[in-house]
Amino acid sequence: MEIAAIIDLLGHQELLLSGLHVTFAAAVTVHALMNKRDVRAAIGWIGISWFSPFLGALLYVAFGINRVHRRARRLRGRHSRHARHRTGGGAPSPQAERLQIAVGAITGLDVEPAAVEQILHCGDEGYPQMVAAIDQAARSVDLATFIFRVDEAGLPFVQALARAHRRGVAVRVLIDGMGGGFFRSPAYHALRREGVPAARFLHSIWPWKMPLLDLRLHKKALIVDGETAFVGGLNIGAENLRDWPSKCPVHDVHFRLSGPIVRQIAEGFDDDWHFTTGEPLRKPHVPHPTEAHRAFARAIASGPDQSVDQLVLVLLSAIASARRSINIATPYFLPEEQLLTALQLAALRGVKVCLVMPAVNNHRLVAWASSAHISPLIEAGCQLWRSPPPFDHSKLMTVDDEWSLIGSANWDSRSLRLNFELTVEFYDPEFARQLSGIIKEKCGERITAAEVDGRHLITKLRDASARLMSPYI
């Protein structure tokens, strides 16, 4: 009798578990069908949920639901303050003019007069100029950075920011909560000890206050008195100094800008500061254009808080507009299929596509994954090159030597989908030619089809496996 009761109980439990499995799998199916834009991802998650009882549903809840976009939008909840479009200003050709209109429609921002006052290579050229600008500040200093070390490179920044604060300049420093050190952030604490207003972007030791580790502030911007801005890919750390002994020395390019474009960059910082601290937005300072501000530019702030993938759309528009040349330098090349296809099509229609990646990468997984998807580009006629050591962290792009893009964003899923990034587009043939020259100078050894195809099978499997992790590395 007891055995029969046990069997009956087990039968009821099995029926209950089966019902729960069907319920959870059905819920995953409905959610995936309604929310997954990628058909392959939807099919994959639906299959896992049905064929892996409970575990599949748990994995989907943990990794399959895009909380980044939804939560970032809820936390920020702000839209661009600009909705005007200036067409034709500074556009040197019909293609560039159409691109200018397209990017205006994507971003909701106008182009503004601008000038690139200096192109700064590595910290050796960039840091002294930035510290001097802070020391000369009369009204305000805003600094946003991903990495901020208190070493031979970072200590002068801490000291200059403290001096500016003591003489009454309105100083604000925003450091990423992960890149600046999650458990310890020496720069943040050093600035706070000096009384300098500093904040850590999306940082909390309490899990319920931390939206997700993937939400990172990857911007690098210094704005002084609302008149001058330094932007690019340069973090603050001694590894960016040429002669500093480092296990992984870094080469980078930064830019000193002036003109009304600085207002757009400053407003982006103001948004990030308000989002992080809750402090009221400031009234922006509007620089007056001068004879030197002959070019036109536009700041593109991108991130998971946007309803559309702005930077992806900008890159696709720029590639589609190309008629003669596309030059790209990036440390991490792991774009999604649509960007790869766009570059292939550009090469097939006769555009000279030149892509430069580091010969030695500071992230092995990225280097392996990159090797797994470049064959179609080479087959389509794109020229792929390796830049010689040290590790090149530059992020540059030009189209037809008329349009250019600089800033903090890499060509990978993290920069294009998850990070808060700052890039600046320019409609200036002279500047575009300068950047094209810099990119071409980086070209060392060319990557050939024979080399890629001749990899050992084990190496190909390793690289293909690493590519599967491209959305997360």
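Of Trp244, Phe183, Ala114, which is farthest along the charge dipole of the chain in the positive direction, counting Lys and Arg as +1 and Asp and Glu as -1 at C-beta?
Toward the positive end, the furthest listed residue is Phe183.
How far is it, in nm, from the label point at Ala105 to the one at Gln383 when both lie 7 Å from their Cα along the line to the Cβ?
For Ala105 paired with Gln383, the spin-label model returns 3.3 nm.
For the stretch 362-473, which whole-number percentage of the solvent-accessible area (1.4 Å probe, protein heavy atoms only) is attributable to carbon and sulfur atoms? Working shown, then result.
Details: 2580 of 4630 Å².
Using a 1.4 Å probe with all protein chains present, the stretch 362-473 comes out at 56 percent carbon and sulfur.
Students often check this: by mean Cβ neighbours within 10 Å, which of 20-27, 338-345 ranks highest, and how do the rest follow?
Numbers: 20-27: 15.2, 338-345: 17.6.
Those peptides, ordered most packed to least, come out 338-345, 20-27.
Could you check how much of the accessible area of the stretch 107-263 is carbon and sulfur, as a whole percent, using a 1.4 Å probe? Numbers along the way, then the final one.
Values: 3240 of 5900 Å².
Answer for the stretch 107-263: carbon and sulfur cover 55 percent of the accessible area.
Using a ≥ b ≥ c from the Cα gyration tensor of the stretch 405-473 (square roots of the eigenvalues), is it rounded, prolate or oblate, where a/c under 1.5 gives rounded and otherwise the larger of a/b and b/c decides, a/b for prolate?
oblate
Over the chain, calculate the relative contact order: mean separation of alpha carbon pairs under 8 Å at least 6 apart, over the residue count, as a percent. Numbers along the way, then the final one.
Values: 930 pairs, mean separation 74.0, N = 473.
For the chain, the relative contact order is 16 percent.
Expressed in nm to one decimal, what extension gain is obtained for the pair Leu59 and Asp151 from 0.36 nm per residue of sequence separation less their Cα-Cα distance?
On the way: separation 92, 0.36 × 92 = 33.12 nm, distance 4.12 nm.
So the chain would gain 29.0 nm between Leu59 and Asp151.
Which FRET efficiency value, to the nearest 0.05, is calculated for Ala170 and Glu117 with the Förster distance at 25 angstrom and r the Cβ-Cβ distance?
Details: r = 23 Å, r/R0 = 0.92.
With a Förster radius of 25 Å, E is 0.65.
How many Å² of accessible area per residue for the chain, probe 1.4 Å?
Heavy-atom accessible area per residue stands at 46 Å².
Nearest 500 deg cm²/dmol is fine: what mean residue ellipticity at 222 nm does the chain get from its DSSP H runs of n ≥ 4 alone, each adding -39,500 (n - 2.57), divided by its residue count? Don't jump to the answer; show the numbers that get you there.
Values: 16 runs with 196 residues, N = 473.
Taken over the chain, the calculation gives -13000 deg cm²/dmol.
Measuring from centroid to centroid over Cα atoms, what is the spacing of the stretch 418-473 and the stretch 348-383 in Å?
Taking the Cα centre of the stretch 348-383 as reference, the centre of the stretch 418-473 is 5 Å away.
Taking a virtual spin label 7 Å from the Cα of Ser375 along the C-beta vector, which residues in the stretch 448-473 bring their backbone nitrogen under 19 Å of it?
Output list for this probe position: 448-470.
Between Glu14 and Ile43, what's the calculated FRET efficiency when r is the beta-carbon distance and R0 is 30 Å? Round to 0.05. Can you show the working numbers first?
Numbers: r = 28 Å, r/R0 = 0.95.
The value I calculate is 0.60.
I need the helices of the chain that pass two filters: whole DSSP H segments spanning 27 Å or more by Cα along the axis, and mean Kyte-Doolittle score no lower than 0.0. It would help to have the intermediate numbers written out before the result.
Details: long enough: 2-35 (49 Å, 1.12).
Those that clear 27 Å and a mean of 0.0 are 2-35.
Between Asn35 and Phe183, what is the spin-label point distance in nm, taking each point 7 Å from the Cα along the Cα→C-beta axis?
So the label points at Asn35 and Phe183 sit 3.2 nm apart.
State the answer as a single residue: which of Leu340, Leu405, Phe431 lies farthest towards the positive end of the charge dipole of the stretch 331-473, with beta carbon charges of +1 for Lys and Arg and -1 for Asp and Glu, about the Cα centre.
Leu340
In cubic angstrom, how much convex hull volume per residue do the alpha carbon atoms of the chain span? Can you show the working numbers first?
Numbers: hull volume 82.8 nm³, N = 473.
So the per-residue hull volume is 175 Å³.
The values are calculated or read from the model by the stated rules, or taken from the named source; none is laboratory data. The structure displayed is predicted, hence computed values, not measured ones. Neighbour counts run over all protein chains shown; Cβ positions are idealised from the backbone, glycine included. Side chains included, ligands, DNA and RNA excluded: accessible areas come from the protein's heavy atoms. Shrake-Rupley method; radii C 1.70, N 1.55, O 1.52, S 1.80 Å.
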